[in-house]
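Below: one structure, written as structure tokens.
What follows is calculated from the coordinates using simple rules that are stated; it is not laboratory data. A quick note: this is a predicted structure, and the numbers were derived from the prediction, not measured. No Cβ is skipped: glycine too gets one built from the backbone with ideal geometry, and neighbour counts run over all protein chains shown.
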Amino acid sequence: MRVALKSATRLLVVHPRPHLSVRGFSRSLTHTQTQTVVLPFHFHHPAKTLLRIATPSFRSYGCAPMSTLHVRDKIDLSDTERSIFQRLLATLGHFNLQTELRVAGGWVRDKLLGKECYDIDIALDNIMGTEFVDKVREYLLSIGEDAQGVCVIESNPDQSKHLETARMRLFDIWIDFVNLRSEEYTENSRIPSKQRFGTAEEDAYRRDLTINSLFYNINTDSVEDFTKRGISDLKSGKIVTPLPPKATFLDDPLRVLRAIRFGARFEFTLDEDLKVAAACDDVKNALAEKISRERIGTEIDLMISGNQPVKAMTYICDLTLFWIVFSLPPEFEPAISDGCERLCISYLDTAWNLIHLLGESSFTAEQKRLTLCAAMFLPLRNITYREKKAKKIPVVNHIIRESLKRKAKDAEMVLNLHQASRKFLSLIPCLTSSEDIQVVDHDWMRDLVDVSVSSRVRVLTGFLLRELKDYWRVALLISTILHPIDAKDEPSQLGKQRDLFNSVENSIMKLDLDKVWDIKQLINGKDVMNVLQLKGGPLVKEWLDKAMAWQLAYPSGTAEECIEWVKETNSKRVKLQ
């Protein structure tokens with residue numbers, strides 16, 4: 001099987017057939033170069049066809065500013081924000097404090113873009129956050145108001161969190177308080193050796209991006225742009241660091257992922273020097289060794305749940321950060337083919353486009369997030385590793401649990417979706433055909449589905465939906481991506497994949513299987529034990545599954561008829577033994 005691999009010059013990609021992984025992808029290909037490569041992948045039925053796989057790159061994504069955002073000249077405060085700031089200013093007056101109060105970072109950026117933001121960080125120029133929060137609490141008590149949720153988040157320089165943060169809730173909004181900072185470093189370390197109160201300008205240059213270095217001065221009701229380019233970069237749509245990018249990233253390597261996330265979110269252009277610094281070995285090593293996996297996982301979650309997940313993952317891929325972020329166990333098998341990360345992005349893009357074609361309301365936010373995760377890791381679904389000589393574990397489990405430190409249920413759901421998509425693939429021909437087609441190539445429930453051939457599709461589909469519950473449409477979408485589609489161009493392929501999804505979904509509705517997991521079983525374990533004279537054990541569960549198969553095959557059947565069927569079936573089994 002040979003596949004022509006061609007670099008993309010547009011945002012959308014031509015999605016590969018299933019069962020493929022890329023070997024020998026050349027990152028140096030230009031927009032006009034084409035390389036023919038062999039693409040083996042570990043799956044049961046490799047497609048025999050010629051394909052062109054176009055993969056997004058930041059050469060196409062980041063070649064020119066794409067910002068069309070309107071930037072306001074001043075910040076309009078909501079009533080709640082005005083009340084919060086009045087309390088803070090009143091605290092200054094009550095204690096005669098000569099302190100400048102500034103809102104820093106993302107809140108200022110978003111308010112200038114006309115967006116609501118509830119993430120308010122207050123920077124203080126001559127007082128520690130904990131000390132100021134104590135003053136605010138004391139003032140609030142003096143006027144008969146409660147101070148809620150006061151707490152302190154300790155600094156952790158080893159994880160690039162250099163500042164202690166005080167937090168409290170005002171008017172049901174959490175407010176963080178930190179001091180403006182200036183830092184000194186030893187020659188061989190990016191952990192500050194000395195910190196002192198800094199000026200607002202010094203603090204602005206210590207921030208991750210120019211668009212996040214803006215301040216709103218509460219005392220003067222004005223926006224302050226100390227880098228002299230925060231507002232202009234916001235208007236022109238550029239992602240730039242205030243200081244040289246390598247120094248900025250080594251200060252806190254997570255800033256690489258933040259730059260990618262904001263670049264994707266606002267569809268801004270990544271600065272060329274920023275891209276070079278992000279892809280250098282020193283920064284990649286610092287990201288891998290210095291930043292906690294929880295912080296990395298949180299950034300990835302924000303990207304996947306954001307408005308441009310494909311663009312964000314493409315940046316990660318093009319900056320050669322993919323295997324730093326989605327790190328693999330030391331040993332695994334079989335080997336991952338070169339360029340596999342490109343195929344991951346292509347599957348992700350297909351899933352993203354299908355979700356939009358099918359209508360975003362068809363999936364909840366959580367379902368969309370897990371759909372995109374499952375799609376992106378499809379090329380790795382047959383890769384395994386051994387942990388302490390234990391049984392084989394899917395490498396996707398390691399990525400989600402260890403590399404990203406996400407919840408165990410996330411890993412479990414993604415693995416279940418991968419397994420369920422294989423089952424759906426074997427059912428699709430039967431569910432989309434107008435003729436009675438016998439289910440072939442299924443290797444689950446062979447010993448349990450003792451029903452007529454005509455009922456077998458309903459039984460197998462019913463069991464699959466009972467296993468997946470509300471996530472059956474997600475599994476169907478994943479299997480739709482894997483199902484071979486005979487289409488020469490991308491729009492046609494996406495349209496046919498959408499039609500295939502709708503066809504299977506309609507068949508499931510006609511079989512009256514939606515919400516089948518809510519159906520109560522006609523007989524219970526006690527019934528089985530009484531009928532078969534059992535005292536418990538795994539046979540009870542096996543017969544309950546057989547009884548459910550019968551119930552799915554005969555949806556109008558009664559409990560008495562089901563019990564009679566169990567008796568007869570067991571009697572036949574005994575005679576054959």
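Inter-label distance, Asn382 to Arg466: 3.0 nm, where each label sits 7 Å from its Cα along the C-beta direction. Close amide-amide hydrogen proximity is noted between Leu511 and no other residue 5 or more places distant or on a separate chain, at a cut-off under 5 Å (H modeled in the peptide plane; Pro and chain starts excluded).
Projection of the Cα convex hull of the range 191-316, averaged over all directions and equal to a quarter of that hull's surface, yields 8.6 nm². Volume of the convex hull of the range 328-430 (Cα atoms only), normalised per residue: 123 Å³. Here the range 451-577 is treated with +1 on each Lys and Arg Cβ and -1 on each Asp and Glu Cβ, and its dipole about the Cα centre works out to around 460 debye. Here the label points at Ala335 and Asp125, each 7 Å from Cα along the C-beta direction, are separated by 6.1 nm in the simple model.
For Lys575, the lysines whose Cα comes closer than 19 Å to its Cα, not counting residues fewer than 8 places off in the same chain, are Lys546, Lys567. Among the listed pairs Lys111/Lys228; Lys409/Lys520; Lys111/Lys368; Lys391/Lys469; Lys290/Lys405, a Cα-Cα separation exceeding 23 Å is found for Lys409/Lys520; Lys111/Lys368; Lys391/Lys469. Extension gain for the segment Ser433 to Arg573, taken as residue separation times 0.36 nm less the Cα-Cα distance, is 47.0 nm to one decimal. Phi angles of the range 526-540 translate, via the Karplus equation with coefficients 6.51, -1.76, 1.60 and θ = phi - 60°, into HN-Hα couplings of 5, 4, 4, 5, 5, 5, 9, 6, 9, 9, x, x, x, 4, 5 Hz per residue; Gly and Pro are given as x.
Near Glu164, the amide H atoms lying under 5 Å from its own belong to Ser155; only residues 5 or more places off or on other chains count, and H is placed 1.01 Å from N. Computed from phi, the 3J(HN,Hα) profile of the range 494-500 under the Karplus parametrisation 6.51, -1.76, 1.60 (θ = phi - 60°) reads 4, x, 5, 5, 4, 5, 5 Hz, with x in place of Gly and Pro. Inter-part distance, the range 477-542 to the range 117-155, computed on C-alpha centroids, equals 54 Å.
Taking each residue as 0.36 nm, the span from Thr320 to Ser232 lengthens on full extension beyond its C-alpha to C-alpha distance by 28.8 nm. Once both labels are positioned 7 Å from their Cα atoms along Cα-to-Cβ, the gap between Cys117 and Asp79 label points is 2.4 nm. Bridgeable aspartates and glutamates around Lys311 (alpha carbons under 17 Å apart, same-chain partners fewer than 8 residues away excluded): Glu267, Asp271, Glu272, Glu299, Asp301, Glu341, Asp349.
Length gained on full extension, Arg293 to Gln533, computed as 0.36 nm times the residue gap minus the Cα-Cα distance: 81.0 nm. Excluding same-chain neighbours fewer than eight residues apart, the aspartates and glutamates reachable from Lys535 by a Cα-Cα span under 19 Å are Asp527, Asp545. Hull volume per residue, based on the alpha-carbon atoms of the range 241-309 and their convex hull, is 74 Å³. Divide the volume of the convex hull around the Cα atoms of the range 499-577 by the residue count and you get 121 Å³ per residue.
The base-10 log of I(q)/I(0) for the range 492-545, evaluated at q = 0.20, 0.32 Å⁻¹, reads -0.75, -1.12 [Debye formula, identical scatterers on Cα atoms, solvent excluded]. Couplings for the range 361-371, taken from phi via the Karplus curve 6.51 cos²θ - 1.76 cosθ + 1.60 with θ = phi - 60°, read 5, 6, 10, 6, 4, 5, 5, 5, 4, 6, 4 Hz in order; Gly and Pro are left as x.
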